[in-house]
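This report refers to the structure that appears directly beneath it.
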Amino acid sequence: MAKNVTQKIIENHLLEGKMIAGEEIGLKIEQTLTQDATGTMVMLEFEAMNVPQVRTEISAQYVDHNLLQTDFRNADDHIFLQSACQKFGLWYSRPGNGVSHPVHMERFGIPGKTLLGSDSHTCSAGSLGMLAIGAGGLEVALAMAGKPFYMIMPKIWGVKLTGKLPDWVSAKDVILEMLRRHDVDGGIGKIIEYYGPGLKNLLAMDRHVIANMGAELGATTTVFPSDEETRKFLNSQYREKDWVELTADENAEYDEYEEIDLSELEPLIAMPSSPGNVVPVREVAGRPIYQAMIGSSANPGFRDFAISALITDGEKVEEHVSLDINPTSRQILVNLVSMGYLSKLIEAGGRIHQPGCNGCIGMGQAPGTQKISLRTVPRNFPGRSGTKGDQIYLCSPETATASALTGKITDPRTLDMKYPKYEEPEKIEIHTKMLVEPPDKGEDIKLEKGPNIQPLPQFQSLPDNLKGSVLLKVGDDISTDEIMPAGSQVLPFRSNIPEISKFVYRQVDPSFYERAMEYREKGFFIIGGKNYGQGSSREHAAIAPRYLGLKVVIAKGFARIHFQNLINFGILPLTFINPEDYDQISQGDELSIKNLRSTLLKKNTIAVVNKKSNHTFQVRNTMSQRQIEMILAGSLINVVRNETK
């Protein structure tokens, strides 16, 4: 039977289950990736498992999110992470070495391997022909301990690429076209695999751009073949020995099909405040801008900075515009300097920041009030930039740079210049001085924990009869940024659950924390719309609400990672059978579920009584038996502890 690339990789790593869409499978994980906004919790969870060393082929910890050291907290966490890497056997990427995804691609990515990361954009590594999946931190900690990763087998969505991108159109416009067609929930329950003759016109880092923002479609991951372009990339990194060819068999089939003619694309832009709110740049051209930002995991390649430098060569950034340059790895920064690209950006007025996530995660570079910011980042969820009511537009480096020169949103095709000629260098200067290799043995190394690093709270299992108030009702596409904000004010508390809990749902309802504390012992419900919990994989968006007393979320639908994170920490996720029942519930209503534990074990439907309206409605339990066991135990950690008793 002819197989596609995704099927080949899954088949080679399948430990449990069958490759049938909708069934739960268990996969062998060979590599893991953690970053500092989620990795502190992962290391605390791994420590609790009493496993002396990681059992993967490669595990790497990156410090890329929390680079601002305004007090001791971030610095202490960096020290803790480095000590954990030394003790448990992980590579450590020091602060300022770069964003996890491009650095991992440069140094560790290998075609055909599996990668699990506590960051939703781990899927970026699919650009190298890997099966790379974002997950909650606890699942990554388990993978580090050698345990399988479980997921529902997705459908495989084949996207055929033909043609060649026109001048002034680049890889960002490809993924924006996918978002224009399918919005932020079009990829839920699917793995996207790109194939076709158009691939030969996309560099490996172009593919990274497309794979990265597959997360914005809600996809489980994105997979590209490992072909000649993959070999060229690994050769440029002096790692050609790691290259293996991995392509779909002739006549391979997919569950769903799509086709994009690259030659027909034009510059696109996602307007506030959703990656799926995509229109042609020409339709919004002329709007004045305050900021243009180049970089992030969504446009991390050397080419993305070089093309911006060539566009600005001899030009000047408009005086009221801040052109922010965020190099994505120290290695890229070194090569931008040695090849003369960085000086062009500086001379044009670019502001150079240290390699890292920076403004993408709200760590500085916040725009002015009601001022438009054009960014090459992957997300523009409300307030993510650090400015309330922010006006963040997502676009390509070409569009962002052209707009910085004119001071207004500009279709780059209208610039009075030829499209710069850029050729990818065959060899570059390799920089690995800020990667710290783990020692052979680390059992005698002591973990260094600052005063802000607190133990993970312990959670009790759900009672058999559950009742509580609807503390909050929200609409469709609520993101984890809205549930648990990031940014410089919040992220330093990522290893302190009681403190970070004070920020839960603050952007949606500033009174949420105070109201939740009144119900903490009793427990409460949250009602959600479609695609509840989209976006970042941060498990704090489950742990912190659980700490405050959240027992059940009833929604029209859930994003994949957040659904599992809720289960991991003992929050029951239920889905409306009749979407109209959503409209019958109001904030403040009292809900009740009886015989919950026995019902979960026997039935897929559960009756919920709205005591205020005396209305009974049915909800669906879509969890697997393994997931139900986590809920009954109170958390996945409780399950692991019970197994080791």
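Annotations
- Ordering Asp440, Asp167, Asp509 by the number of other Cβ atoms within 10 Å of each residue's own Cβ, fewest first, gives Asp440, Asp167, Asp509.
- Antiparallel content of DSSP bridges confined to the chain, in %, to 5: 35 percent
- Ellipticity at 222 nm from helices only: DSSP H runs of n ≥ 4 in the chain, each -39500 (n - 2.57), divided by the residue count, give -8000 deg cm²/dmol.
- Sequence of Val639, Val5 once ranked by neighbouring C-beta atoms within 10 Å, starting from the fewest: Val639, Val5
- Exposure proxy ranking, count of Cβ atoms within 10 Å, fewest first, for Ile527, Ile430: Ile430, Ile527
- Model label zone, Lys594; criterion: amide N under 18 Å from point 7 Å along Cα-to-beta-carbon; scope the range 601-631: 601-603, 605-619
- DSSP-assigned coil residues among trypsin sites (Lys or Arg not before Pro) in the range 65-134, each with at most 13 further Cβ atoms within 10 Å: none
- The slack in the chain from Ser613 to Lys18, taken as 0.36 nm per residue of separation less the alpha-carbon distance, amounts to 209.8 nm.
- Model label points for Arg282 and Arg94, set 7 angstrom from Cα along the Cα-to-Cβ axis, are 5.0 nm apart.
- With the simple model of a label 7 Å out from the Cα in the direction of the Cβ, Ser263 to Tyr513 spans 5.7 nm.
- Sites matching trypsin sites (Lys or Arg not before Pro) across the range 508-540 that sit in DSSP coil, with at most 16 neighbouring C-beta atoms within 10 Å: Arg520, Lys522
- Selection among Leu15, Pro397, Ala211 by position relative to the dipole of the chain gives Leu15 as farthest towards the positive end (Cβ unit charges, Cα centre).
- Looking at the range 486-555, the GluC sites (Glu not before Pro) that sit in a DSSP loop and have at most 16 other Cβ atoms within 10 Å of their own Cβ are Glu521.
- Gap separating the Cα centres of the range 461-484 and the range 527-566, nearest whole Å: 7 Å
- For the range 268-414, the average shadow cast by the Cα convex hull is 7.4 nm², which is a quarter of the hull's surface.
- The range 268-353: proportion of alpha-carbon pairs further apart than 22 angstrom, %: 32 percent
- Quotient of Cα Rg and 2.2 N^0.38 Å for the range 103-218, N being how many residues it contains: 1.09
- Pairs of Lys residues in the range 1-119 are counted when their Cα atoms are under 14 angstrom apart and they lie 8 or more places apart or on different chains; the count is 5.
- By the Kirkwood approach, averaging reciprocal distances over each pair of separate Cα atoms, the range 1-126 gets a hydrodynamic radius of 15.9 Å.
- Estimated Rh, the range 466-643: Kirkwood, alpha-carbon pairs, angstrom: 16.2 Å
- In this Cβ point-charge picture (+1 for Lys and Arg, -1 for Asp and Glu), the chain has a dipole of about 1600 debye about its Cα centre.
- Rg and Dmax over the alpha-carbon atoms of the chain stand at 23.6, 72 Å.
- Rounded to the nearest 20, the Cβ-based charge dipole of the range 268-414 about its Cα centre (Lys and Arg +1, Asp and Glu -1) stands at 320 debye.
Where a number appears in this text, it was derived from the coordinates with a stated rule and is not lab data. As the structure is a computational prediction, the values presented were derived from the model and not from experiment. Cβ coordinates were reconstructed from backbone atoms using ideal geometry, including for glycine residues, and neighbour counts include every protein chain displayed.
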